[in-house]
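The values are calculated or read from the model by the stated rules, or taken from the named source; none is laboratory data. Just so it is clear, the structure is predicted and the values come from calculations on it, not from any experiment. Counting neighbours? That spans all protein chains shown, and the Cβs are built from the backbone with ideal geometry, glycine included.
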Amino acid sequence: MKLTRSDLMSLENYASQRHDFRAKVMAHKKNRQLQLGENARLLFEDRLTIQYQIQEMLRIERIFEAEGITEELAAYNPLIPDGDNWKATFMLEYPDVNERRVKLAGLLDIENRVWAQVEGFDRVYAIADEDLDRATDEKTSSVHFLRFQFNADMVASAKSGARLSLGIDHPNYSVSVDPLPENYRQALVADFD
């Protein structure tokens, strides 16, 4: 499921195909971006979203040498689901910088309070920021990388049609989406293949 150099387009090929590829990815993301209340959003990553991210980084940074491409693959491949988990970018969105500063200070540890649930099983709390700690003692970060790890029974049940739910149970930000709409459910269950 991980990407290799052979999965990527050259800078020249990407430049000619970027418009169509970007449109395909944006349409794909519609079923993978979940709003959790007014100020939190999850973008569930998969092979296509990560391929797009890498292609964009190569384009922006003008990376075309093998070593640089290998570094980008090493940085982004861990964000692709492994068949028994979901991986997501978690964003806390407060447009006003002063409000953001105050809110992030009040949301310490929120990244560890994001959960997913397969009907009939306990909640699975996200494992946050495995690559590096993004929070401080004073505030959480506005962006976190999450992994929701499921056992084999949960995966089988989800694939068989069990209801899915997602939410946050932080004292200062509590929200749930229950049940998860079918278009999101289908997109996320596909990550279990």
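Could you check segment 6-38 and list, in sequence order, the residues that are among the aliphatic types (A, V, I, L, M) and either free of Cβ contacts under 8 Å to residues at least 60 places away in the same chain or more than 30 Å from E67 (Cβ to Cβ) (or both)?
Taking segment 6-38 first, the residues among the aliphatic types (A, V, I, L, M) are 8-9, 11, 15, 23, 25-27, 34, 36.
Those that are among the aliphatic types (A, V, I, L, M) and either free of Cβ contacts under 8 Å to residues at least 60 places away in the same chain or more than 30 Å from E67 (Cβ to Cβ) (or both): M9, L11, A15, A23, V25, M26, A27, L34, L36.
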Could you run through segment 92-127 and say how many residues are out of contact with any helix residue (DSSP H, G or I) (no Cβ under 6 Å at 6 or more places or on another chain), of a type in the set (A, V, I, L, M) and closer than 21 Å to L164 by Cα? 6
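Restricting the search to segment 58-103, which residues are among the aromatic types (F, W, Y) and either within 20 Å of the chain's Cα centre (by Cα) or surrounded by 15 or more Cβ atoms within 10 Å (Cβ to Cβ) (or both)? Don't jump to the end; show me each part of the working.
To start, the set of residues in segment 58-103 that are among the aromatic types (F, W, Y) comprises 64, 76, 86, 90, 94.
Across segment 58-103, the qualifying residues are Y76, W86, F90, Y94.
Being in the same structural domain as F192 (by TED's automatic domain parsing) and touching a residue at least 24 places away in the same chain (Cβ under 8 Å) is true for just one of L42, L58, L73, L108. Which residue is that?
Values: L42 fails: in the same structural domain as F192 (by TED's automatic domain parsing); L58 fails: in the same structural domain as F192 (by TED's automatic domain parsing); L73 fails: in the same structural domain as F192 (by TED's automatic domain parsing).
Result: L108 is the single residue among L42, L58, L73, L108 that is in the same structural domain as F192 (by TED's automatic domain parsing) and touching a residue at least 24 places away in the same chain (Cβ under 8 Å).
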Evaluation of Y184 against (1) in contact with a Lys or Arg (Cβ under 7 Å, 6 or more places away or on another chain); (2) buried (at least 19 other Cβ atoms within 10 Å of the Cβ) (one fails), failing number: (1)
Hey, does segment 1-23 have a residue that's within 22 Å of F145 (Cα to Cα) and either within 12 Å of the chain's Cα centre (by Cα) or hydroxyl-bearing (S, T, Y) (or both)? yes
As an exercise: evaluate D153 against (1) closer than 27 Å to I50 by Cβ; (2) outside the structural domain of Q51 (by TED's automatic domain parsing) and give the number of the one condition it does not meet. (1)
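Give the number of residues within segment 1-52 that are in a helix (DSSP H, G or I) and either under 30 Å from P95 (Cβ atoms) or among the charged types (D, E, K, R) (or both). Talk me through it step by step, then tell me what you get.
Keep residues of segment 1-52 that are in a helix (DSSP H, G or I), which gives 5-7, 11-29, 47-52.
Next, only the ones that are either under 30 Å from P95 (Cβ atoms) or among the charged types (D, E, K, R) (or both) stay: 5, 7, 12, 18-29, 47-52.
The number of residues fulfilling the criteria is 21.
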Subset of segment 142-164 (residues that are surrounded by 16 or more Cβ atoms within 10 Å (Cβ to Cβ) and either touching a residue at least 40 places away in the same chain (Cβ under 8 Å) or within 15 Å of the chain's Cα centre (by Cα) (or both)): S142, H144, F145, L146, R147, F148, F150, V155, A158, A162, L164
